[in-house]
Every structure is written in structure tokens, then in C-alpha cells.
Amino acid sequence: MYSDLREWLKEVDDFGELKKISGVHWDTEMGPLTQLMHEHYKDRTPALLFDETPDYPKGYRTLYGHFSTLNRIALTLGLPLHTGKVELVRSYLEKLKDFKPIPFQFVKDGPVLENVQMDDEVNVLKFPVPRHHELDGGRYIGTACVVITKDPERDWYNLGTYRSQLYDERTIGLQITGGKHGRIHRDKYFAQGKPMKVAIVVGQDPLIYLLGASPIPEGMSEYDYAGGIKGEAIPVIRGKYTGFPIPASAEIVIEGETVPGEVKEEGPFGEWTGYYCSVAKPRPYVSVKSVVHRNDPILCCAPQHRPIDETVLLKCVTGSAAIWEAVNRADIPEVRGVWQHPAGLGVRFLVVSIKQRYHGHARQVLHVASSASQAAAYNGKWVVVVDEDIDPSDIDQVMWAITTRFDPVDDIDIIKKAWSSGRDPLVLPEHGNYNNRILIDACIPYNRMLGGDFPHVVDVSNQLKKKLMEKWKGLFS
Ligand SMILES: Cc1cc2nc3c(=O)[nH]c(=O)nc-3n(C[C@H](O)[C@H](O)[C@H](O)COP(=O)(O)O)c2cc1C
């Protein structure tokens, strides 16, 4: 597999999905252009590499839209290209079956050390940090980033994608939602009155970013998970200030510390739900102590906007796999497909298809799928279960099942007071970060299936289909 971001970009370029663009401004041009490209090209949008940014040296680049296509997600995870949605999730799940984490490995040197700034030399503004959306409270250096923190109680380095606002040359804000691993780490340090060290990686191997933005089990380092996926240890060096493992071939790594009680207004920022959900709020910030970067560094960006944005597909693939695995772990048989829909922000519209085997099977799937993995439990909304003849990733088929097999009195359950966050536009802070969920059983009622009295579907039989496709193949080429 590719060893770093530059090799990954070369492969993406080779299969025709990289667009290099010069002269785009860092101030509300790169982010909005990415959104407009997405609205135009949808799931065919190329990755966008911006260079020659006004006010910045040539070669200081920004990368947007890592994961707008299934192909780029497949490449990142070492899976076959040119597959369908559910097929890609299934092949990821297959890969995870034999999965064994491989611990990261310290190496002596790496290209990330080509440029080093310590203490007073530090100037994070040397990079073309964008202001992504028109109503953002400032420039954001960390969006497609990973924030490395260490659990104060054990040897666990977590890598999480949390947005990071740039205030000045040496100060960066962090927004880490309650319940996220980096936040749990920070809460533990602060409860003891201690500062927390952090390393923020803002340009890196796309696999590290993909995993930083995905639900990886508590206590497991995303480094070790990435090693397991690549089949070899991720090479790291010791951070100059934190001593933490930082990727040896990262583009840019910023280190510093965040101190209890020291806060600055953070936000607002255009968020993944497609809204500016919160006003600026005082949040802990990072005082930067060191910056290391490669020559001609690439700053990775993922601003997010109303669907479908360039980050949601990655969450749909990894989230669907995590949910499928959780349902399997609960010993529920005959799951045929899982898909979180990009237009439903991934997590907000989940569909599972099953071959029904017993009374209550569909309801069991709904309850487990909605809660057993963080990928559905955090900020979910709609969960739908359908029969095996429905492709869960085909919204037309799902709508047909809902409109013909679902009864609004009998086939609905509601979960109240589930795990949400201030990112949810319906959440009112005074009521707490809860939301309510809807579970839809759009399967043929099992007793009617057993009784054989549910109407036959109007369709072309496989036998006739084969015959006609052969006889009239010219019509379908
Ligand atoms: C582009 C992008 C930006 C994100 N920004 C944030 C953020 O600012 N704060 C946050 O808590 N989660 C954010 N997330 C979601 C987390 O990265 C995700 O929930 C991840 O699983 C968190 O890692 P953890 O489980 O190790 O805490 C973002 C995800 C993406 C793809």
C-alpha cells in the first residue's frame, strides 16, 4: 500500500481523480469552491489540490475532498476499486475479520523533520490556513486533521479528528464534543488540575485521518489500527515538545499544551449537519510550542457543509461496517447489507437489510443497530430495517419498502433521550444533549411471510431476465 499522503496522491492522480488548481484564495474561496464542485460532480468529485495561494509561497498546498468517491476510500483502506456501496462495506468487514492491530514503531528520522520551529520561532500562520465558510468565526487549521492525546491513566494514544481554530501565530482552539475519546482524556487531566499536551497533525497519510474520524474502540490507538489495515507498523518519531509518537512522514505537526481554565471564544463554524449549530463559545485552547513540517507541505482540509459534503462518504463506509460488525457480535443472523445514507449525514439515516428468520427478528435488528456502535448511537435519528430483496443503499427501493411494508401504528418504535450533541440543530442546550430516534420496520410482517399471503412483487424472474438480457443484449450495452 501507499506509504504516505504523497504516494496516495500519485495513485489518485493515476486513476484520474486528482485536480490541481492554482491561485485560489485561502479566504472563503477554497471551501466554497469545494462545495460548488461537490454540488456539480457529486460522487465523482475529484480530490482538489490547491497551490500558489495568494500571500503564500508556491508549493505550500492545501488538499480538499480526500474521500468524495468510493474509489478513494477503497484505495485508502487497501480494498478493491470500482465496487458498489454495500459491496465495499462488505469487503471492509471481510478485511476486519482477520484483523490484528500492529503497534506503531519508532524510527530515528522522517521527512516531517525537514523544517523545525521551536518556542519563539513558531508561526503557524506560515501555512495558507483557510477561512472555509463565509460565517465562520475565523481561520481553521485543523479540519481533516488528527489530534493526538494520551490517556493519563494508561499507555493509550488516541487520534481524533477535532476542528482547530487558528487565533494567531501560536494559539489554536479545539472543539471536542463530550464523549469523544480526546475529550475524555482532557476531562481526566483537567479534573486533576493538570494541563494536557497535544499534537495536532494537519497533513498526513489519509488512512490516519480516515481512522481519526471513525469510531475506533476505546483504548485502541488509531496508529495500531492503521498498522493492522496496512499490514505493517506505522513509522513514528518522538514529537519535539510532547514526546508523543508523530507520523514520520506527516506533512505538518503542531505541538503544545492546553491548560485548565484557560479558554477563548471558539466558532462558529459550518458543521457536518449542514448548519452553524452553535454560536462562539469559550473553549480550552492550545498554546503552540513547536511546529515541524515537510518541504512544500500539504495542509489537509475538510470544511463540511450541507449534504452531500466531501467527508460524509467516509463515515458511511466505516460507520456501516462498524454497525454491521456490532450486529454480528450480538449474534443476530442473516444481515445482508448495511448502509448509512450520505444525504442523511450518514449517521442520521441508517438502513439494514435482513433475511427474516423469526418473529421479532426485524425489531431486534433495529434496536441493536441503533445503539450497539458509536457509529449509530452518537447523533443517530432514523433506522430502517428492510427485507433482503431491498438494496439498503438504493433510496428508491428503501422508499418503496417504507411506503408498502410499513404500518405507522405497528411498525414504529421511538427511543427517547439518546446521545446527541450541540451539533444537532434541534437540540436546545437547556434540555441537555439528548435527541429522540425513530425506528422503522419496513419488512414484510413475518407472520404474513410465513402464511404466504403477502402479495407477490411485480418483477422479472431471474430466469427470464437472463434469457432476455442474452437475446436483447444490444439494448443494454
Ligand atoms: C472533517 C471532520 C471534522 C470533525 N470535527 C469534529 C470536531 O470538531 N469535534 C468532534 O468532537 N468531532 C469531530 N468529528 C467527528 C470525530 O472525528 C469522530 O466522532 C471520531 O470518531 C472521534 O474520534 P474518537 O472516537 O477517538 O474520539 C469530525 C469528523 C470529521 C470527518
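Structure notes:
- Checked against the criterion of being in contact (Cβ under 8 Å) with a residue 24 or more places away in the chain and touching a Ser or Thr at 6+ places or on another chain (Cβ under 8 Å), the candidates 48, 18 yield just one match: 48.
- Selection from the range 32-84 of residues that are of a type in the set (Gly, Ala, Ser) and either surrounded by 20 or more Cβ atoms within 10 Å (Cβ to Cβ) or at pLDDT below 95 (or both): 47, 65, 68
- Of all the criteria given as (1) within 12 Å of the ligand (Cβ to nearest atom); (2) modelled with pLDDT under 95, the one not satisfied by residue 119 is (1).
- Residue that is surrounded by the most Cβ atoms within 10 Å (Cβ to Cβ) [pool: residues in the range 212-234 that are touching a strand residue (DSSP E or B) at 6+ places or on another chain (Cβ under 7 Å) and under 23 Å from residue 69 (Cα atoms)]: 222
- The criterion of being at positive phi, in the same structural domain as residue 337 (by TED's automatic domain parsing) and under 37 Å from the mean Cα position of the chain (by Cα) holds for residue 432.
- On the stretch given as the range 393-426, residues that are in contact (Cβ under 8 Å) with a residue 12 or more places away in the chain and either outside the structural domain of residue 382 (by TED's automatic domain parsing) or of a type in the set (Val, Ile, Thr) (or both) total 6.
- Residue list for the range 238-254, filter: within 16 Å of the ligand (Cβ to nearest atom) and either without any contact (Cβ under 8 Å) to a residue 40 or more places away in the chain or assigned to a loop (DSSP other than H, G, I, E, B) (or both): 244
- Just one of the listed residues (455, 425, 429, 445) is within 30 Å of residue 175 (Cα to Cα) and either modelled with pLDDT of 95 or more or loosely packed, with under 11 Cβ neighbours inside 10 Å (or both), and it is 429.
- Qualifying residue in the range 350-358 (condition: hydrophobic (A, V, I, L, M, F, W, C) and at pLDDT below 95): no
The values are calculated or read from the model by the stated rules, or taken from the named source; none is laboratory data. Just so it is clear, the model here is predicted, and its values are computed rather than measured. Virtual Cβ from ideal backbone geometry, glycine too; neighbours counted across all protein chains shown.
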